[in-house]
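Just below is one structure, and these are the notes that go with it.
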Amino acid sequence: MKIATLNVNSINARMENLTAWLAETSPDIVLLQEIKSEFNSFPFFDLQMAGYDAKILGQKSYNGVAVLSRYKIKVTEEGLPRFPDENSRYLEADVDVKGEKFRVASIYLPNGNPPYNNPDDNSKFEYKLKWMDAFYAHAEKLLRLEQPVILGGDFNVILTEKDVYDPEAFRNNALFREEVRQRFASLLYLGYYDAFRALHPLDVGYTYWDYSGNALQADYGMRIDYLLLSARAADRLSSCAVDKKPRYGVKPSDHTALVAEFE
């Protein structure tokens with residue numbers, strides 16, 4: 001079974017790119033972030049033609065998450081439990097794969113940086129920390145499930161210096177601040193496994209390159225997209241790799257796909 005996560009950065013703008021990649025790669029489950037679409041404008045029919053059922057938690061012009069699957073999807077949570085939020089950042093579902101249920105979640109964690117016109121505004125960073133605390137509490141409960149759990153998405157976290165092309169340039173960035181990194185690391189101490197690092201402890205693994213300049217060509221990237229696995233899922237992990245094809249495709253997102261395979 002193949003599961004992927006991809007921040008699509010507006011699904012209606014990336015459908016040609018996305019459907020071409022789906023046809024070539026054939027993942028069983030895809031976790032999408034930043035779909036930037038409400039229900040009535042989401043391309044359900046096009047995805048059905050590509051072989052995928054879709055469940056979404058949408059929002060006009062911003063945010064939004066989705067779960068695509070070749071198998072039956074049953075939504076278990078729309079939004080992060082016990083965290084009232086006007087933003088669409090968390091969608092959780094059971095996917096029945098040939099009689100076995102996998103619990104998956106598509107996650108778009110807050111960025112946390114202040115507005116460009118008000119660099120002293122700390123409200124977005126405080127929101128990010130509160131979101132991460134609520135996520136930790138729910139993730140802890142998910143580990144009690146007697147089924148594989150896979151939490152994937154754009155976490156907006158640079159975990160280590162190895163995960164960004166210039167650590168010093170991002171030292172005070174909300175993606176790399178110590179409070180954020182500690183909260184993400186706590187998920188690993190809790191019992192989740194970073195799928196990419198589990199198999200590639202020394203590789204770079206960037207999943208994001210800015211549109212500006214020659215960031216992609218020069219590999220000025222960062223690793224901010226993750227697949228976090230419960231022990232039941234990690235035991236089945238056979239491969240995990242960054243797939244750069246979507247980033248080089250037609251009208252690409254600034255992110256690319258992270259793909260894991262499970263026995």
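The values are calculated or read from the model by the stated rules, or taken from the named source; none is laboratory data. In this text the structure is predicted, and so the values were computed from the model without any measurement. Please note: Cβ atoms are built from the backbone with ideal geometry, for glycine as well, and neighbour counts cover all protein chains shown.
Brief remarks on what is shown
- Of all the residues in region 240-261, those that are under 18 Å from the mean Cα position of the chain (by Cα) and either farther than 14 Å from D28 by Cβ or aromatic (F, W, Y) (or both) number 14.
- For region 160-167, the count of residues that are among the aliphatic types (A, V, I, L, M), closer than 26 Å to D120 by Cβ and either in contact (Cβ under 8 Å) with a residue 12 or more places away in the chain or touching a strand residue (DSSP E or B) at 6+ places or on another chain (Cβ under 6 Å) (or both) is at least one.
- Region 11-37, subset touching a Lys or Arg at 6+ places or on another chain (Cβ under 8 Å), free of Cβ contacts under 8 Å to residues at least 60 places away in the same chain and not β-branched (V, I, T), residue surrounded by the fewest Cβ atoms within 10 Å (Cβ to Cβ): S26
- Pair list, Cβ < 6 Å and 6+ apart or interchain, from region 237-263 residues that are under 21 Å from I107 (Cβ atoms) and modelled with pLDDT of 95 or more to residues that are of a type in the set (V, I, T) and not in a strand (DSSP E or B): V242/T207; P246/T256; R247/T256; S253/V8; H255/T207; T256/T207; L258/T207
- Residue in region 197-207 that is small (G, A, S) and either touching a strand residue (DSSP E or B) at 6+ places or on another chain (Cβ under 8 Å) or over 18 Å from Y136 (Cα atoms) (or both) present: yes
A quick yes/no check of all residues on (1) under 18 Å from the mean Cα position of the chain (by Cα); (2) surrounded by 15 or more Cβ atoms within 10 Å (Cβ to Cβ); (3) closer than 20 Å to L227 by Cβ; (4) not charged (D, E, K, R):
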| position | (1), (2), (3), (4) |
| --- | --- |
| F39 | no, no, no, yes |
| L57 | yes, yes, yes, yes |
| V65 | yes, yes, yes, yes |
| K72 | no, no, no, no |
| L91 | yes, yes, yes, yes |
| L109 | yes, yes, yes, yes |
| D121 | no, no, no, no |
| A137 | no, no, no, yes |
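- Residue pairs meeting the criteria (Cβ under 6 Å; at least 6 apart or on separate chains; first farther than 18 Å from D154 by Cβ, in region 185-214; second part of a loop (DSSP other than H, G, I, E, B)): G191/L143
- Out of S230, S238, one residue alone is in contact with a Gly (Cβ under 8 Å, 6 or more places away or on another chain) and not acidic (D, E). It is S230.
- Test: residue in region 143-155 that is surrounded by fewer than 17 Cβ atoms within 10 Å (Cβ to Cβ), in contact with a Phe, Trp or Tyr (Cβ under 9 Å, 6 or more places away or on another chain), of a type in the set (A, V, I, L, M, F, W, C) and in contact (Cβ under 8 Å) with a residue 40 or more places away in the chain: yes
- Some residue of region 181-197 being of a type in the set (D, E) and surrounded by fewer than 19 Cβ atoms within 10 Å (Cβ to Cβ): no
- Output for region 25-60, where each listed residue is among the polar types (S, T, N, Q) and assigned to a helix (DSSP H, G or I): T25, N40, S41, Q48
- Strands (runs of 3 or more DSSP E) lying entirely in region 61-153 (those with 1 or more residues that are under 16 Å from L6 (Cα atoms)): 65-69, 90-97, 100-108
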